[in-house]
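Any read-out appearing in this document is the output of simple, stated calculations on the displayed coordinates, not a laboratory observation. What you see is a predicted model; the values in this text were computed from it and never measured. Positions of Cβ are generated from backbone atoms using ideal geometry, with glycine treated the same way; all protein chains shown enter the neighbour counts.
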Amino acid sequence: MPDGGEKSLIWGSRFSQGPHPLFFAYGRSIGWDQRLAPEDIRGSIAHVHALRAAGVLSADIAQELEGALGRIAEDLAHGEVLPILPSDEDVHGAIERLLGPVGAYLHAGRSRNDQVALDFHLFCKEAATGLEQATARMQGALLGLAEAQGLKLWWGMTHLQTAQPVLVAHHLLAYFWMFERDRRRFAWARQQADCSPLGAGALAGAGLPLDPRATAQELGLGGIYENSMDAVSDRDFALDLGHAAATAALHLSRLGEEIVLYASPGYGLIGLPDDFASGSSMMPQKKNPDGAELMRGRAGRVIGRHLGLMTTVKGLPLAYVRDLQEDKEALFEIVDTTLDSLVLAAAMVQRLEVRGVEIPAGDLSLATDLADYLVRCGVPFRKAHHIVGEAVQAAIQAGGNFTGLATARWQELSPHFTADALHSLLDPRQALERRSVPMGTAPAQVSRQLREARQTLEGAL
Ligand code: ARG
């Protein structure tokens, strides 16, 4: 129970006794919501101005309140922790207590419902901005790596089976564009948080003649809610940020998986820098891709927390209900984890050593090009597919490469397969050139894509 019993709580006087210690501990949120102290103080200073403008506070009281709030903010900015007492339930009550006797004037026309919603909007807006920037840095790392790959080739895969040759840069750029969409999702989430709920009061609107638009403007927020009940009771702005983060974490996890996979000797396509790898406590030779594994694994936390918060908000009646207090721990973990993963990924990605592969002439990954050629000669695609399927079977028997087939065998398969045509068709570099279509992996298209990516990133930074 808080020291001083029920009277020490900002809402305590209506009760004959203080809260049961179990209930108090269960509902106490200061352990994590103290993180919102800077936002809470910013909101309170704006509220003091609103109360002063409404003629509710004298100039002296307003000044005293602002001075006291500013001093706490300064202490926090200098790294001091909020001096919490066991009787403090949440950050709002703690700050009011720290103001001393003048704190008694602060809460007029405001409820913790619009207060905490405001704090959380301010937090989400800033967190989204930080995530946007971290995503742009991650994109920069990917782009730098892609630019350095020149004409290196990889086997592009579908179903994790060899499919068609691609430029390594093309493969890496696929991630650049995923993160570009993530960055835009973060920007969207920032805009969703850019709205002030302060002035909604507990649910019906403040009972004092405040000007919430002026308060929003002072706080650098783009506008206010239309409806006070909506303002205090929805957390969709936080869910927008959670969704953006969950999708970015999911992309990081896919990239992590590819790094793990391609760094394994079975693929040998990626070399990890020593300082981003771990050893084994038992096997002295090991070099493990733990960073990439954790990047993959932590996505689970972000996605789980996001789903958890959606589930918390689901089914809640209007307006404020205490379930909403669960929003903060969830979102803090989402934001921190995603930010950590983006920062790690950017640092690790730019140091990856990427090895191209020598795709030999006649490689089976050129089969689609053989079929496309027959189509250009007028053969219906399904028939062409069938013919090349037979060629694949024969090539496998002849050692696993199309060059194992004699000209006579090709001619049996189709008279269009002349020696000249085959010479060009079985060259992997020419297969690349044939994909000089929008989105394609031809070197000219990839150069264009690299330029486009560079321009996009410059616009973002
Ligand atoms: N700690 C609460 C939260 O985070 C603050 C708002 C409390 N409001 C109330 N009516 N009990 O949601």
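Using a basic spin-label model with each label point 7 Å from the Cα along Cα→Cβ, how many nm lie between Ser436 and Gln17?
Modelled inter-label distance: 8.6 nm.
Test of understanding: what is the full-extension gain from Lys314 to Glu74, defined as 0.36 nm times their sequence separation minus their Cα-Cα distance?
Extra length available between Lys314 and Glu74 comes to 82.6 nm.
If you place +1 on the Cβ of every Lys and Arg, -1 on the Cβ of every Asp and Glu, and leave all else neutral, what size is the dipole of the chain about its Cα centre, to the nearest 20 Debye?
1320
Work out from phi, with θ = phi - 60° and the Karplus expression 6.51 cos²θ - 1.76 cosθ + 1.60, the ³J(HN,Hα) of each residue of segment 103-117, listed in order in whole Hz, and give x for Gly and Pro.
The phi angles translate into x, 4, 8, 5, 8, 4, x, 9, 10, 5, 5, 7, 5, 5, 5 Hz.
Place the peptides 88-101, 66-79, 317-330 in order of packing, highest mean first, counting for every residue the other Cβ atoms within 10 Å and averaging per peptide.
For the peptides 88-101, 66-79, 317-330, the packing ranking is 88-101, 317-330, 66-79.
Would you work out which of His20, His416, Ile84 lies farthest towards the positive end of the dipole of the chain? Charges go on Cβ: Lys and Arg +1, Asp and Glu -1.
The listed residue farthest towards the positive side: His416.
If R₀ is 45 angstrom, what is the calculated FRET efficiency for the pair Tyr26 and Ala174, using the beta carbon separation as r and rounding to 0.05?
0.45
Using 7 Å Cα-to-Cβ label points, what is the Gln133/Arg351 separation (nm, one decimal)?
2.3
Between Arg448 and Gln411, what FRET efficiency comes out of the Förster formula 1/(1 + (r/R0)^6) with R0 = 45 Å and r the beta carbon distance, rounded to 0.05?
It comes out at approximately 0.70.
What list do you get for Ser341, Ser13, Ser233 if you sort them by fewest beta carbons within 10 Å?
Ser13, Ser233, Ser341
Using the Karplus curve 6.51 cos²θ - 1.76 cosθ + 1.60 with θ = phi - 60°, what ³J(HN,Hα) values do you get for each residue of segment 265-276, in whole Hz, with x for Gly and Pro?
Per-residue couplings from phi come out as x, x, 9, x, 9, 10, x, 8, x, 4, 7, 10 Hz.
Pull out the extension gain between Asp275 and Leu364, defined as 0.36 nm times the separation in residues minus the alpha carbon to alpha carbon distance; nm, one decimal.
Difference between extended and current length: 28.3 nm.
According to a simple spin-label model (label point 7 Å from Cα along Cα-to-Cβ), what is the distance in nm between Leu151 and Gln455?
2.5
Among Ala444, Gln139, Asn288, whose Cα projects farthest towards the positive end of the dipole of the chain, with charges put on the beta-carbon of Lys, Arg (+1) and Asp, Glu (-1)?
About the Cα centre, the residue reaching furthest to the positive side is Ala444.
Per-residue HN-Hα couplings for segment 81-93, Karplus 6.51 cos²θ - 1.76 cosθ + 1.60 at θ = phi - 60°, whole Hz, x for Gly and Pro?
Each residue of segment 81-93 in turn: 8, 4, x, 8, 9, x, 7, 6, 7, 8, 5, 5, x Hz.
Based on the Cβ-Cβ distance of Asp290 and Ala54, what FRET efficiency does E = 1/(1 + (r/R0)^6) give at R0 = 56 Å, to the nearest 0.05?
0.45
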